[in-house]
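Input: a single structure, listed below in structure tokens.
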Amino acid sequence: MPATLALVPSNTRVTATGDGERFDISSSATRTFLCTLDITQQIEQESLDVSIWVSADGENWGTKPFLMLPQQFYRGRTRLLLDLTMRPEVRFIRARWEVNRWGRVAPTPMFVFSLTLEEVPASQPLAART
């Protein structure tokens, strides 16, 4: 498994709610990931909700996200930790985004963003660090 997963590839432009492709994480050594949401473009008076969904079989995703990132309105970077160590049955993950617009000019929301996951390496005991 690569150390970095692009759940939403760089420079992805969205104007409607959608789902990213699924990724098999069964070969992850730590099952712990640093999630980085980067928003590079947006218009005013709109919001972006990004969540991470998990599945044991890659088909059934449940009714609630496993991790919900904070709602975003502007450009910038947000980071959260995704820890699946207590969920050994999870083999697949994917991103889902929802966009909302309440502005007067352009009726369609628009965000350009990415969501990457970097596997957090296993920590070493203090005695091994000397």
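The values are calculated or read from the model by the stated rules, or taken from the named source; none is laboratory data. Bear in mind that the values here come from a model prediction, so they are computed numbers and not experimental data. Cβ placement follows ideal geometry from the backbone for every residue including glycine, while neighbour counts extend to all protein chains displayed.
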- Identify all residues within region 10-37 that are under 11 Å from the mean Cα position of the chain (by Cα) and assigned to a strand (DSSP E or B); write none if there are none. Asp19, Phe33, Leu34, Cys35, Thr36, Leu37
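Taking region 49-73 as the search range and keeping residues that are among the polar types (S, T, N, Q) and surrounded by 14 or more Cβ atoms within 10 Å (Cβ to Cβ), which one is nearest to Gly18 (Cα to Cα)?
Ranking the qualifying residues of region 49-73, first place goes to Ser51.
Kindly evaluate Arg31 against the criterion of being within 22 Å of Val120 (Cα to Cα), surrounded by fewer than 19 Cβ atoms within 10 Å (Cβ to Cβ) and not hydrophobic (A, V, I, L, M, F, W, C). Working first, answer last.
Numbers: within 22 Å of Val120 (Cα to Cα): yes; surrounded by fewer than 19 Cβ atoms within 10 Å (Cβ to Cβ): yes; not hydrophobic (A, V, I, L, M, F, W, C): yes.
So Arg31 passes the test.
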- Task: Starting from region 13-26, take each residue that is more than 16 Å from Val54 (Cα to Cα) and surrounded by 12 or more Cβ atoms within 10 Å (Cβ to Cβ) and list its partners that are charged (D, E, K, R) and at pLDDT 95 or above, counting only C-beta distances under 8 angstrom and pairs at least six apart or across chains.
- Result: Thr17/Arg96; Thr17/Glu98
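So which residues in region 78-104 are of a type in the set (Lys, Arg), without any contact (Cβ under 8 Å) to a residue 60 or more places away in the chain and either part of a strand (DSSP E or B) or on the phi > 0 side of the Ramachandran plot (or both), if there are any at all? Break it down stepwise before answering.
In the first step, residues of region 78-104 are kept if they are of a type in the set (Lys, Arg); the result is 79, 87, 91, 94, 96, 101, 104.
Still in the running and without any contact (Cβ under 8 Å) to a residue 60 or more places away in the chain: 79, 87, 101, 104.
Selection gives Arg79, Arg101.
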